Amino acid sequence: LRKRVVAEAPAPGTQLFVEGGGPGKAFRDLPLSRITLQGLDRNKFSAMTDIQLAAVPHALAGRDVLGAAKTGSGKTLAFVVPLLEKLYREGWALSDGLGALIITPTRELALQIFEVLRTVGKGHMFSAALLTGGKKEFREEQARVPRMNIIVATPGRLLQHLEETPGFDASQLQVLVLDEADRILDMGFSRQLNAILAYLPPGAGRQTLLFSATQTKSVKDLARLSLDKNSEYVGVHDTA
Ligand code: ADP
Ligand code: MG
């Protein structure tokens, strides 16, 4: 992993469109689709937070990102925006199946992410599902899963679908997001996570965005396992 600190200029090739001469710190200074910008505007997101400023340009440029920033720093939009842009640029359609997968440790976090995805991604034509239900909802989820473009899930439930749901095909996955990777591992999901990774196309065939509040040894091991060699490390707030 190459280290890059937030204060450095973005890597060559990163396009930052600057308005008014100042450094590009607003979402609208990035080369985003009008649909995504409208989604951000509608929700009053204009200036980027530090982690968004550090991570989004690299992610838009197609690089894998390992992002470290404390809770409340705005990590959700740091992956939701690039993910929407990637699928939009690819011309991803309903019939293309699973394009992006977001894995997060708890149902509450999954629901929060899903809400951001729904509101900011509103103008896009992607189907999206939240897979965190209890036992009762599994069959009902199974009926929808094969038609979904974007899935937000907890590790155990996702693995259950990968193993048991007919027609659930992750082989064309474009973007994998591992949110709160430290907590995923702390909560003992590392076996499930490894089993999930085995169902996905290899690292080179997809973009991986890994976010964590802390950089523990196990997060670094997971990064080695799931990220491309040319990934960018972006850390803000001096997380360990
Ligand atoms: P994290 O995942 O790092 O804990 P979240 O993505 O949940 O942080 O964001 C924390 C809060 O900050 C949320 O209420 C979110 O709406 C708000 N937020 C995120 N990005 C921005 C932004 N660019 N401008 C204003 N508020 C933001
Ligand atoms: Mg978060």
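The set of residues in the stretch 81-124 that are out of contact with any Phe, Trp or Tyr (no Cβ under 8 Å at 6 or more places or on another chain), free of Cβ contacts under 8 Å to residues at least 60 places away in the same chain and under 24 Å from K44 (Cβ atoms) comprises E85, Y88, E108, A110, L111, Q112, F114, E115, V116, L117, R118. Is the stretch 17-30 home to any residue that is closer than 23 Å to L173 by Cα and at pLDDT 95 or above? No, because not a single residue in the stretch 17-30 is closer than 23 Å to L173 by Cα and at pLDDT 95 or above. Take the conditions (1) buried (at least 18 other Cβ atoms within 10 Å of the Cβ); (2) at positive phi; G167 misses just one of them, which is (1). Name the residues in the stretch 41-54 that are crowded, with 21+ Cβ neighbours inside 10 Å, of a type outside the set (V, I, T) and within 11 Å of ligand 1 (Cβ to nearest atom), would you? Listed by number, the residues that qualify are M48, Q52, L53. Before we move on, is G167 in contact with a helix residue (DSSP H, G or I) (Cβ under 6 Å, 6 or more places away or on another chain) and either farther than 22 Å from K75 by Cα or more than 16 Å from ligand 2 (Cβ to nearest atom) (or both)? Taking the combined requirement at face value, the residue satisfies it.
Scan the stretch 90-107 and tell me whether some residue there is within 12 Å of ligand 1 (Cβ to nearest atom), touching a strand residue (DSSP E or B) at 6+ places or on another chain (Cβ under 8 Å), of a type outside the set (D, E, K, R) and at pLDDT 95 or above. Yes, the conditions are met somewhere in the stretch 90-107.
To keep it simple, each residue is scored yes or no on (1) surrounded by 19 or more Cβ atoms within 10 Å (Cβ to Cβ); (2) more than 12 Å from ligand 2 (Cβ to nearest atom); (3) of a type in the set (S, T, Y); (4) on the phi > 0 side of the Ramachandran plot.
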position: G72; (1), (2), (3), (4): no, no, no, yes
position: W92; (1), (2), (3), (4): yes, yes, no, no
position: A100; (1), (2), (3), (4): yes, yes, no, no
position: G121; (1), (2), (3), (4): yes, yes, no, no
position: M125; (1), (2), (3), (4): no, yes, no, no
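If you take just the helices (runs of 4 or more DSSP H) that sit entirely in the stretch 120-223, which of them hold at least 3 residues that are under 17 Å from the mean Cα position of the chain (by Cα)? Output list reads 181-186, 190-199.
Rundown of residues vs (1) under 26 Å from A204 (Cβ atoms); (2) in contact with a strand residue (DSSP E or B) (Cβ under 9 Å, 6 or more places away or on another chain), yes/no style:
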residue	(1), (2)
Y88	yes, no
L111	no, yes
T119	no, no
M148	yes, yes
V152	yes, yes
G156	no, no
H161	yes, yes
F168	yes, no
Q172	yes, no
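The values are calculated or read from the model by the stated rules, or taken from the named source; none is laboratory data. Remember, it's a predicted structure, so these values are computed and weren't measured experimentally. In this analysis, Cβ positions are derived from the backbone assuming ideal geometry, glycine residues included, and neighbour counts consider all displayed protein chains.
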